[in-house]
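To start, the structure under review is shown below, and the notes come after it.
The values are calculated or read from the model by the stated rules, or taken from the named source; none is laboratory data. Given the structure is predicted, the values throughout are model-derived calculations rather than measurements. A quick note on method: Cβ atoms are made from the backbone with ideal geometry, for glycine too, and the neighbour counts reach across all protein chains shown.
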Amino acid sequence: MILTGNAIIKAVQANEISFDPFVTDQVNPNSMNYRIGDELYVLNEGLLDPKQEKTFTQLVFGKNGYVLEPGKLYLGHTKEKIGSQMYVPKLIGRSSVGRLGLFLQVTADLGQLGAAHQWTLELRVVQPLRIYPGMKIGQVSFWTVMGDIEKTYIGGYTAHNLPAGHVAGRTIT
Amino acid sequence: MILTGSEIQQQVAKGAITIRPFDPACLTTNSYDFHLSDQIITYKNNVLDVKQEQEVIVHTIPDEGFILEPGILYLGSTQEVIGSDFFVPTVHGKSSTGRLGLFVHITAEIIDIGSLNQFTLMFNATQPVRVYKGMKIGQVTFWKPSGEITIYNGKYKGLNGPQKSQIFKDFS
């Protein structure tokens with residue numbers, strides 16, 4: 001089952017969901033809005049090979065924002081640390097950005113049960129679009145699970161607070 | 001939990017789900033197929049900015065159909081008015097449109113509980129693809145929520161037809 005906004009608030013208060021910093025004006029009927037942080041990267045051009053480490057270039061993403069261009073893949077991150085050991089998070093965009101042709105997350109919107117961290121966002125646009133750091137860009141919903149929770153996520157991206165793209169394990173505190 | 005087709009039909013009969021007009025023939029095993037209205041909008045500007053209100057061009061789909069081109073964002077809408085105060089709708093394309101490389105929504109497939117209107121569809125074509133008014137273009141599923149419900153009261157409440165982004169209001 002998907003948690004309602006009121007159920008998300010209760011779960012945050014009971015420490016079953018981490019959403020830090022938490023502000024109630026980001027609560028929707030059945031999700032929480034998250035903001036985009038101020039580090040933005042672009043995937044360098046060229047043939048991609050999953051066996052080789054990918055390279056990214058960090059972009060200047062200040063108060064004037066940045067114009068995302070079609071045909072490129074950008075990595076950003078949530079400003080908030082988000083996670084839950086009890087509910088499965090699903091990170092998507094808001095309809096207000098979808099209506100401007102911005103895809104957030106490429107195919108893998110389903111998170112893992114586990115510790116809270118700043119999530120990496122994968123951004124792609126249909127037409128050029130200027131976005132700004134700190135704007136409310138997406139929403140996360142939380143889903144109840146069925147079955148014993150035997151293990152939580154301990155994969156390569158666990159501590160992945162920066163959108164550095166690979167298992168380099170850079171973190172910020 | 002996701003509702004089966006027969007459960008969707010029962011909830012429509014009880015008034016807990018609205019799909020208007022409703023045709024039982026459009027029920028699938030666990031979703032309902034919706035149809036494309038005859039309105040499509042595009043933005044006048046090529047370069048968009050979340051802080052600026054965008055002007056739109058309104059197109060009416062002619063009988064011979066309307067070609068969606070890659071690289072251009074199109075907003076359409078469902079013919080049906082859809083919503084529920086008790087279940088969370090999610091929007092999906094149909095596999096038959098997906099196999100043509102056509103996205104019918106972008107990023108925000110989860111609809112707020114209590115929202116009731118014609119869904120705005122967000123089209124992104126991989127190759128040029130012709131669409132027709134009244135065609136089955138996507139499907140809606142319904143999910144049971146957990147927790148106390150607060151009804152949607154946001155910017156798009158009750159607005160029908162393709163609705164442009166109102167995100168600029170976040171910055172005013």
Exercise for the section: Determine, yes or no, whether A:Asn15 is more than 28 Å from A:Leu59 (Cβ to Cβ), within 12 Å of chain B (Cβ to nearest Cβ) and surrounded by fewer than 19 Cβ atoms within 10 Å (Cβ to Cβ). Expected result: no
Problem - Scan of region B:117-158 for residues that are facing chain A (nearest Cβ under 9 Å) and assigned to a loop (DSSP other than H, G, I, E, B), ordered by number - result: B:Lys144, B:Gly147, B:Glu148, B:Ile149, B:Thr150, B:Ile151, B:Tyr152, B:Asn153, B:Gly154, B:Lys155, B:Tyr156
Fill in the blank from the handout: Of the listed residues (A:Leu100, A:Leu73), the one being more than 20 Å from B:Ser146 (Cβ to Cβ), more than 12 Å from chain B (Cβ to nearest Cβ) and at pLDDT 80 or above is A:Leu73
Problem - Residues of region B:25-69 that turn out to be within 14 Å of chain A (Cβ to nearest Cβ) and of a type in the set (Val, Ile, Thr), as a count - result: 7
Problem - Output for region A:93-122, where each listed residue is of a type in the set (A, V, I, L, M), in a strand (DSSP E or B) and either surrounded by fewer than 16 Cβ atoms within 10 Å (Cβ to Cβ) or over 9 Å from the mean Cα position of the chain (by Cα) (or both) - result: A:Leu102, A:Leu110, A:Ala115, A:Ala116
Handout entry: Any pair with Cβ under 9 angstrom, 6 or more apart, that starts in region B:122-150 at a residue that is within 23 Å of B:Tyr43 (Cβ to Cβ) and ends at one that is surrounded by fewer than 19 Cβ atoms within 10 Å (Cβ to Cβ) and of a type in the set (Ser, Thr, Tyr)
Key = B:Lys133/B:Thr60
Completion exercise
When (1) closer than 15 Å to B:Lys51 by Cα; (2) crowded, with 17+ Cβ neighbours inside 10 Å are applied to A:Ile82, the one that fails is (1)
Practice task
Taking A:Lys81 as the residue in question, decide whether it is within 14 Å of chain B (Cβ to nearest Cβ), within 21 Å of A:Asp20 (Cβ to Cβ) and among the charged types (D, E, K, R).
Solution key: no
Exercise for the section: Considering only region A:18-47, state which residues are assigned to a loop (DSSP other than H, G, I, E, B) and more than 9 Å from every other protein chain (Cβ to nearest Cβ). Expected result: A:Pro21, A:Phe22, A:Val23, A:Gly37, A:Asp38, A:Glu39, A:Asn44, A:Glu45, A:Gly46, A:Leu47
Exercise for the section: Evaluate region A:34-47: report whether one residue or more is crowded, with 21+ Cβ neighbours inside 10 Å, under 19 Å from B:Gly154 (Cβ atoms) and either within 17 Å of the chain's Cα centre (by Cα) or at pLDDT below 95 (or both). Expected result: yes
Handout entry: Among the residues listed as B:Glu53, B:Glu69, the single one being of a type outside the set (Ser, Thr, Tyr), in contact with a helix residue (DSSP H, G or I) (Cβ under 6 Å, 6 or more places away or on another chain) and touching a residue at least 40 places away in the same chain (Cβ under 8 Å)
Key = B:Glu53
Fill in the blank from the handout: Scanning region B:89-111 residue by residue, those part of a loop (DSSP other than H, G, I, E, B), of a type in the set (Val, Ile, Thr) and more than 26 Å from B:Lys144 (Cα to Cα) turn out to be none
Practice task
Could you list, in sequence order, all residues of region B:121-155 that are among the aromatic types (Phe, Trp, Tyr) and crowded, with 18+ Cβ neighbours inside 10 Å?
Solution key: B:Phe123, B:Phe142, B:Trp143, B:Tyr152
Exercise for the section: Test A:Pro133 against the stated conditions and say whether it is touching a residue at least 24 places away in the same chain (Cβ under 8 Å) and either more than 13 Å from chain B (Cβ to nearest Cβ) or over 30 Å from B:Ser77 (Cα atoms) (or both). Expected result: yes
Completion exercise
Sole miss for A:Lys81 among (1) out of contact with any Asp or Glu (no Cβ under 9 Å at 6 or more places or on another chain); (2) among the basic types (Lys, Arg); (3) closer than 19 Å to A:Gly37 by Cα is condition (1)
